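All remarks here apply to the structure that follows.
The values are calculated or read from the model by the stated rules, or taken from the named source; none is laboratory data. Just so it is clear, the model here is predicted, and its values are computed rather than measured. We place every Cβ from the backbone using ideal geometry, glycine too, and count neighbours over all the protein chains shown. When the accessible area is computed, the model is the full protein with side chains, heavy atoms only, and any ligands, DNA or RNA have been set aside. Shrake-Rupley method; radii C 1.70, N 1.55, O 1.52, S 1.80 Å.
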Amino acid sequence: MAKVDTDELLQLAVDADLSVPSDYEDNDEVLEKKEKEAIEQEAKKEGSRRSKASERHKYDFEAKNKDTVFIGGVPAGDSSKVKRAVKRFAGSLEPLKDSKLLTMRFRSVALKQAALKSTSKRQLIEQGATRETHQNAYVVFEALTDEQREAVRALAKESFEVMGHPVMVDLASEHSHEEYDSHKSFFIGNIPRKVNPTELKESIMTGTAAMVPKPEIAHIRIIRDKATGDATAAFLEYPTRDMKEAVQKFNDYQKHKLGGAPQFVCRGRPLRVIPATRREKLQKRVKRINASVEEKEKETSRKKAFGATRGRGRGRGRGRG
């Protein structure tokens, strides 16, 4: 139904010599106000229903991660075979022998290029359409105690293998992206494509073996290409900022002492280790330089386009001997 303007109705009534109640405009304003209040009330009810539904389906990841064990670097491939191997391995860990395993999920799985257009990632994994690289496993146990969590944290310093592949074990809560602090971290570049966290950790510890006291690594997060699963870079985080600063001073000293020789080497490749904060500054600087270059290129193209249209009139070439 089309909405008619109140002023138009009044004007029509005056033109037709009809009597208009004095409180007509007031009644119209009251009706509009009530209609607006009804709409707002309905919107509040709808918002309340949605919030209640979201509360019912809300999943407390922080609480659940306290009972979840992270196993990084497990081999990709046959899903059922890997699941059985990871299940046996998780159950064999000393702190978790008496705990009940609830669920298990895999992340960072790289799919084959031909299968990337499909929308069902689970079916592709079950069909074996994954690349022969690494993936991460998250194993959920039932109500781990504080003593068990501390024991699992201690396992992060040890080396393990699953199906012949070196893996690292830690609590999933220790690998939350929200806990990442650039002021306590280093950026690691030029890493091997097939490297796993354990190898990278050992390479860093070898490069800082001469430090006293020896620094402890909180965790390593490898950044992988979604299409290929290859490692592209990594972030190394230390427990405190003071420890990270001490490592940086040691690295600067070693750089001067070694005279250009690589301090950190992994699979024969020299690693590029710089503070994460310095990398962020470099990224901002590169963005500014790229923006300046693009602006200069646009200005040059405009000048060329303007110069191409000059001198094409009838007087072109006059004054030449």
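For this structure, a couple of remarks:
- Full-extension gain in nm, MET163 to ASP252, via 0.36 nm per residue minus C-alpha separation: 28.2 nm
- Among the GluC sites (Glu not before Pro) within the stretch 141-223, those in coil by DSSP and having at most 11 neighbouring Cβ atoms inside 10 Å are GLU142, GLU158.
- Net charge of Cβ neighbours under 13 Å - reference ALA246; Lys, Arg +1; Asp, Glu -1: +1
- LEU258 accessible area, assembled protein chains, probe 1.4 Å, Å²: 70
- Each label was represented as a point 7 Å from its Cα along the Cα-to-Cβ direction; for ARG302 and ALA261 these points are 5.5 nm apart.
- Distances between placed amide hydrogens fall under 5 Å for ARG224 paired with THR232, all partners being 5 or more residues away or on another chain.
- Distant-in-sequence amide contacts of ALA156, defined by a placed amide H-H separation under 5 Å and a gap of 5 or more residues or a different chain, comprise nothing.
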